[in-house]
Amino acid sequence: HTLMGMAAALAGFFGVPLGGSLFALEVNSRFGIEYFEHTVEAICCGEVCLLVFRALAGLAIAPIWHITEIKLESAEPVTILYGVLLGSIGAFTAWVFAMLHFKVMGAFKAFDLLDNRRAVQRSLIGGVVVVTFGVLIPQTMFWGEFEFQTISTLGPASGLAHIWPTSGSFGFEMNNFNSAMIVGLSKFVAISFTVAGGYRGGFIFPLFASGAALGRAIFFLCPFIPVQLCVLCMAAALNVAITRTTIAT
């Protein structure tokens, strides 16, 4: 029942009945889908939930992000090699994030901030760090669902939702290699302190946003790699490395 509930919720939330359902099975395992005997039920449950949710909400079953108007018509053998390269870079980057997060959580534990009796101090420290980064680099704010569109397209900060002023206190814009790297790496810090501070947000969509920024940075260095691959492969690589959801992601 727990797995079916997760499959339904994730399929409806992500908008993808196959990926969302498989995510529920993979995220509970260390080596792929260990609950393979429940795959068919999970996918069916996810499809029904997505259909009902979108129908009640009046939403179309369609992409929520559009990185480019021009679609990749085909995949060449070299495209797969680009994916291997980007996956390797993403794996190393995820390791850097994991080490950072272990350090942050270790510091919170050392100061006894993980005890519920010190929840106010814990949330205050986490909130100060997250908001400080948001004031300086507004693209790092929130959990990434609305920010991903702006980050992945190098859109102006004026396109950011729920933020004012949209360009932060110093007019930060993500429009070159350095600013893309700043957004990607700063998002790592924001993610870690969000989790350490006990706030909602998690890893999945925030890592997508960070991966999109780093993918854009890679595209500045390697413009011969399609930008769609740079963004999506880096977003996927970070999420796979941290959540161990290879097939679903």
Accessible area per residue in Å² at 1.4 Å probe, computed on region 1-97: 64 Å²
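What percent do you get for the relative contact order of the chain when only Cα pairs under 8 Å and 6+ apart count?
The normalised contact order for the chain reaches 22 percent.
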Size-normalised alpha-carbon gyration radius of the chain, reference 2.2 N^0.38 Å: 1.04
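What does the C-alpha gyration tensor say about the overall shape of region 93-184? Classify as rounded when a/c is under 1.5, otherwise prolate if a/b is larger than b/c, or oblate.
prolate
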Cα gyration tensor, region 149-228 - rounded (a/c under 1.5), prolate or oblate: oblate
Residues of region 119-242: accessible area per residue with a 1.4 Å probe, Å²: 41 Å²
Contact order normalised by residue count of region 138-249, Cα under 8 Å, 6+ apart, percent: 25 percent
Stretch gain in nm, segment Gln121-Glu76, where the contour uses 0.36 nm per residue and the Cα spacing is subtracted: 10.9 nm
Shape category assigned to region 46-135 from the gyration tensor of Cα positions, a/c cut at 1.5: oblate
Sparsely packed chymotrypsin sites (Phe, Trp or Tyr not before Pro) within region 168-241, loop by DSSP, other Cβ within 10 Å at most 13: Phe170, Phe224
Förster radius 45 Å - calculated FRET efficiency between Val40 and Val131, Cβ distance, rounded to 0.05: 0.50
For the chain, size of Cβ-based charge dipole, Lys and Arg +1, Asp and Glu -1, in debye: 740 debye
Efficiency of FRET between Phe102 and Ala161 - r from beta-carbon atoms, R0 22 angstrom, step 0.05: 0.10
The chain, helix-only ellipticity at 222 nm - DSSP H runs n ≥ 4, -39,500 (n - 2.57), divided by all residues, nearest 500: -21000 deg cm²/dmol
Length-normalised contact order of region 101-165 in % [C-alpha pairs under 8 Å, at least 6 apart]: 16 percent
Charge tally in the Cβ shell below 13 Å around Phe148, where Lys, Arg are +1 and Asp, Glu are -1, Phe148 excluded: 0
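Pop out the carbon and sulfur fraction of the accessible area of the chain as a percent, whole number, probe 1.4 Å.
Values: 9330 of 13270 Å².
Looking at the chain in its full context, I get 70 percent from C and S.
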Summed residue charge, Cβ within 15 Å of Gly20's Cβ, Lys/Arg positive, Asp/Glu negative: -3
Student exercise, region 15-118 dipole from Lys, Arg, Asp, Glu Cβ charges, in Debye to nearest 20: 560 debye
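The values are calculated or read from the model by the stated rules, or taken from the named source; none is laboratory data. Owing to the predicted nature of the structure, the values given are computational and were not obtained by experimental measurement. Positions of Cβ are generated from backbone atoms using ideal geometry, with glycine treated the same way; all protein chains shown enter the neighbour counts. Ligands, DNA and RNA are excluded from the accessible area calculation, which covers all protein heavy atoms including side chains. Shrake-Rupley method; radii C 1.70, N 1.55, O 1.52, S 1.80 Å.
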